[in-house]
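**Student:** Okay, handing you the structure first.
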Amino acid sequence: MIKDVGYLEILKTNPGTSIQDQGRIGLAKWGIPISGVMDRRSYNWINHLLKNDPDAAVLEIPQPGFKCRFDSYTTIGVAGANAEIRKNGELISSTVIRIQPGDELEIGKFLSGSIVYLGIAQGFQTQKILTSRSLYLGITASKMLTKGDEIPFFTNQSFGEATFSSAKKNTSWFENEVLEVYPGPDFEELPKEIQNRLLDSRFTISTLANRMAFQLEELLPNSISERLTAPVYPGTVQLTSGGKIIILMRDAQVTGGYPRILQFSEDALSIVSQKKVGQQIQFQLKNLPNIE
Amino acid sequence: MKPKLRQISPVLIELFWDEKPNDILLNHLLSWENAIFSQFGSEVIEVRKGFQTLSCVLKNDLKQSNLKAWQCFVETSIDLSPLPTKLWEIPVCYDPELGKDLISLSKSLSLDIQKLITLHTEQTYRIHFFGFLPGFMYLNGLDPALHFPRKSIPDRKIEPGSVAIGGSQTGIYPTESPGGWHVIGKTPITLFDQNLNPPVFAKPGEQIRFIPISREEFEQLSTDPKPIKSHD
């Protein structure tokens with residue numbers, strides 16, 4: 001296979017655009033967060049559609065107002081939030097898009113969802129640091145991409161003739177407000193009444209939502225004392241001493257001291273990633289087999 | 001000192017000890033970690049450590065039959081391998097310019113600065129695990145006379161190498177970060193280098209000691225780094 005390098009140049013972007021893949025798996029022993037894409041479901045789907053390796057790197061675009069230009073032939077795919085996509089100024093609806101040298105792609109208004117994924121045949125080819133291309137400040141030089149950045153990929157003109165399935169994007173799942181969770185190690189420490197309140201109420205995504213954590217607007221009274229530092233994961237729900245509910249996301253620290261009251265299922269984590277500030281969620285407890 | 005088993009999700013299972021963190025508990029944790037890898041190595045992606053916890057990430061959803069195997073496993077007794085004896089010497093400059101909370105903390109603790117430095121450097125600290133930031137060591141052994149609550153409003157920016165006290169703990173910020181601990185000094189050494197494998201020099205179970213250095217030595221080691229000293 002020909003492996004000539006082409007570049008995607010960022011002409012315009014709002015803050016937060018980054019390169020992501022599956023993240024740094026198994027490096028928590030050195031305090032390294034896993035990082036990786038926020039919405040794994042959309043990521044897996046676009047790489048599957050592009051016949052990529054499951055860990056191929058994509059662009060994660062959390063805000064409208066993104067524009068880029070390609071200098072070589074390739075095929076790209078757009079997943080995640082439903083957004084207005086324009087190629088060379090023309091609105092397009094296909095998921096898989098053939099690209100010729102000089103083509104410009106624009107991601108406009110988000111109609112539903114909050115993160116767009118831009119995948120590319122064979123994945124983006126930026127440098128891997130500690131097993132991953134995911135941007136994370138302190139490990140990579142920067143945490144986000146900016147105007148003028150040039151992102152390498154492998155170009156191949158024959159992609160133009162390859163057939164890709166024209167599967168229609170299904171995003172109805174990110175309208176789901178009911179999120180499947182498991183009881184966290186400290187769930188049983190909550191008084192019954194508070195447990196019920198946690199499971200019966202609806203909670204709102206606050207403006208404090210980023211790749212590290214989503215804080216919820218509503219408070220929950222907390223009578224559990226702070227814990228000795230213990231491992232946490234993306235999808236761990238913490239309850240702070242002030243009663244704030246925090247859902248840890250992909251860039252979360254690997255350990256924490258707040259009580260761990262819930263743990264998201266993998267799919268619930270993808271769903272919540274696509275929620276916007278002000279949207280509501282509800283937890284649905286799923287029990288695990290009992291440990292004697 | 002048997003661990004309690006708790007399942008957190010289909011792919012997360014945790015061993016928990018309701019014990020005070022000390023060398024004995026750490027010895028158990030590290031020995032159990034080895035036992036997990038020899039018993040379930042092919043099923044486990046990673047084991048994360050906390051003070052009282054070993055948390056295992058599994059490759060596949062845990063089935064009822066495997067849960068039984070884990071339950072039997074935590075009931076067995078394992079051989080304890082002794083803690084490592086390696087001791088690392090971390091040079092620290094306790095200068096109020098580099099440790100911007102040194103003066104205020106000494107006042108709050110009613111200790112003069114020299115006494116505070118002596119209490120901080122006399123102790124040997126045990127590395128329990130890495131967490132919080134890449135390369136951040138959770139250390140046990142801070143003299144109770146130096147325990148002091150974290151700041152209620154964290155500082156926006158703490159520089160890499162800052163040596164600080166927060167609650168009953170002391171630690172070194174490996175990378176720039178916001179933080180609520182009281183900074184009392186700074187080390188010129190690099191604690192985390194993403195271009196090295198491993199990116200950290202020490203391992204859980206090993207010990208460290210803070211060695212006071214002058215401002216001149218600090219500047220010299222900053223421009224011309226020397227290998228970090230250790231004893232076995």
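Please treat every number below as a calculation from the coordinates, not as lab data. Worth saying up front: this structure is predicted, and the values here are computed from it rather than measured. No Cβ is skipped: glycine too gets one built from the backbone with ideal geometry, and neighbour counts run over all protein chains shown.
**Student:** Reported to two decimal places, what Rg/Rh ratio describes the range B:1-157 when computed on Cα atoms with Rh from the Kirkwood expression?
**Tutor:** Working: Rg = 19.9 Å, Rh = 18.5 Å.
A ratio of 1.07.
**Student:** Calculate the radius of gyration of the Cα atoms of the range A:176-285 to one decimal place, then report Dmax, the largest Cα-Cα distance, as a whole number, both in Å.
**Tutor:** 12.4, 35
**Student:** Can you give the convex hull volume of the alpha carbon atoms of the range B:87-231 per residue, in Å³?
**Tutor:** 104 Å³
**Student:** Tell me the Rg and the Dmax, in Å, that the Cα atoms of the range A:1-96 produce.
**Tutor:** 14.8, 48
**Student:** Compute the angle between helix B:64-75 and the longest alpha-carbon principal axis of chain B, please, reported from 0 to 90 degrees and rounded to the nearest 10.
**Tutor:** 60 degrees
**Student:** Determine, for B:182, B:120, the number of other Cβ atoms within 10 Å of each Cβ, and report the residues in order from fewest to most. Present the calculation step by step, with values, prior to reporting the outcome.
**Tutor:** Values: B:182 26, B:120 22.
The most exposed by this proxy come first: B:120, B:182.
**Student:** Further question on the same structure: How far is helix B:23-40 tilted, in degrees, relative to the longest principal axis of the Cα atoms in chain B, given as a value from 0 to 90 rounded to the nearest 10?
**Tutor:** Tilt of helix B:23-40: around 40 degrees.
**Student:** Now a separate question. I want to check the label-to-label distance for residue B:37 and residue A:98. Put each point 7 Å from Cα in the C-beta direction and report it in nm to one decimal.
**Tutor:** According to this spin-label approximation, the distance is 5.1 nm.
**Student:** Here is a further query. Calculate I(q)/I(0) for chain A by the Debye formula, one identical point scatterer on each C-alpha and no solvent, and give its log10 at q = 0.08 Å⁻¹ to two decimals.
**Tutor:** -0.37
**Student:** Dipole size in debye (nearest 20) for the protein assembly as shown around its Cα centre, Lys and Arg Cβ +1, Asp and Glu Cβ -1?
**Tutor:** On the way: 54 positive and 58 negative charges, 122 e Å.
Approximately 580 debye in magnitude.
**Student:** So what is the calculated 222 nm ellipticity per residue for the protein assembly as shown, using -39500 (n - 2.57) for each DSSP H run with n of 4 or more, over all residues, to the nearest 500 deg cm²/dmol? Before the final figure, lay out each step's value.
**Tutor:** Working: 8 runs with 83 residues, N = 524.
-4500 deg cm²/dmol, from helical runs alone.
**Student:** So if I place +1 on the C-beta of Lys and Arg and -1 on the C-beta of Asp and Glu, and nothing else carries charge, what would the dipole magnitude of the range A:1-89 be about its Cα centre? I want it in debye, nearest 20.
**Tutor:** On the way: 11 positive and 9 negative charges, 21 e Å.
Roughly 100 debye, rounded to the nearest 20.
**Student:** For residue B:8, what is the net charge nearby, where nearby means another residue's Cβ is under 9 Å from its Cβ and Lys, Arg count +1, Asp, Glu -1? Each step should come with its number before you reach the end.
**Tutor:** Values: positive: A:260, B:6; negative: B:14.
Value of the local net charge: +1.
**Student:** By what distance, in whole Å, do the Cα atoms of the range A:239-292 stretch along each of the three principal axes, largest value first?
**Tutor:** 41, 25, 21
**Student:** What number in nm² do you get for the protein assembly as shown if you take the convex hull of its Cα atoms and divide its surface by four? Provide the component values of the computation, followed by the final result.
**Tutor:** Numbers: hull surface 104.4 nm².
Answer in nm², one decimal: 26.1.
**Student:** Would you mind working out the magnitude of the charge dipole of chain A relative to its Cα centre, with +1 at each Lys and Arg C-beta and -1 at each Asp and Glu C-beta, to the nearest 20 Debye?
**Tutor:** Values: 30 positive and 31 negative charges, 63 e Å.
Dipole magnitude for chain A comes out near 300 debye.
**Student:** What is the distance, in nm, between label points placed 7 Å from the Cα along the Cα-to-Cβ direction at residue A:127 and at residue A:170?
**Tutor:** 4.2 nm
**Student:** If each residue's Cβ is checked for other Cβ atoms within 10 Å, how do A:38, A:212 rank with the fewest at the top? Please list the in-between numbers first.
**Tutor:** Values: A:38 27, A:212 15.
Going from least to most buried by this count: A:212, A:38.
**Student:** Work out the P(r) tail for the range A:109-236: percent of alpha carbon pairs separated by more than 20 Å, whole number.
**Tutor:** Numbers: 5536 of 8128 pairs.
Of the Cα pairs, 68 percent sit more than 20 Å apart.
**Student:** Among A:214, B:130, rank each residue by its count of other Cβ atoms within 10 Å, from fewest to most, as a rough exposure measure. Write down the numbers at each step before the final one.
**Tutor:** Numbers: A:214 23, B:130 29.
Lowest count first: A:214, B:130.
**Student:** What are the radius of gyration and Dmax of the range A:49-185, computed over its Cα atoms and given in Å?
**Tutor:** My reading of the Cα-based Rg and Dmax gives 16.2, 53 Å.
**Student:** Once you have all Cα-Cα distances for the range B:4-75, histogram them in 5 Å bins from zero and send the whole-percent values.
**Tutor:** Computed distribution, short to long bins: 4, 16, 30, 27, 14, 6, 2.
**Student:** Which of the listed residues, A:170, A:26, A:44, is farthest toward the dipole's positive end in the range A:4-172, when Lys, Arg count +1 and Asp, Glu count -1 at the beta-carbon?
**Tutor:** After comparing all options, I get A:26.
**Student:** Tilt of helix B:113-122 relative to the longest C-alpha principal axis of chain B, in degrees (0 to 90, nearest 10)?
**Tutor:** So the inclination is approximately 30 degrees.
**Student:** Computed over the Cα atoms of the range A:47-121, what is the ratio Rg over Rh, Rh following Kirkwood? Provide the component values of the computation, followed by the final result.
**Tutor:** Working: Rg = 11.6 Å, Rh = 12.4 Å.
The Rg/Rh ratio comes out at 0.93.
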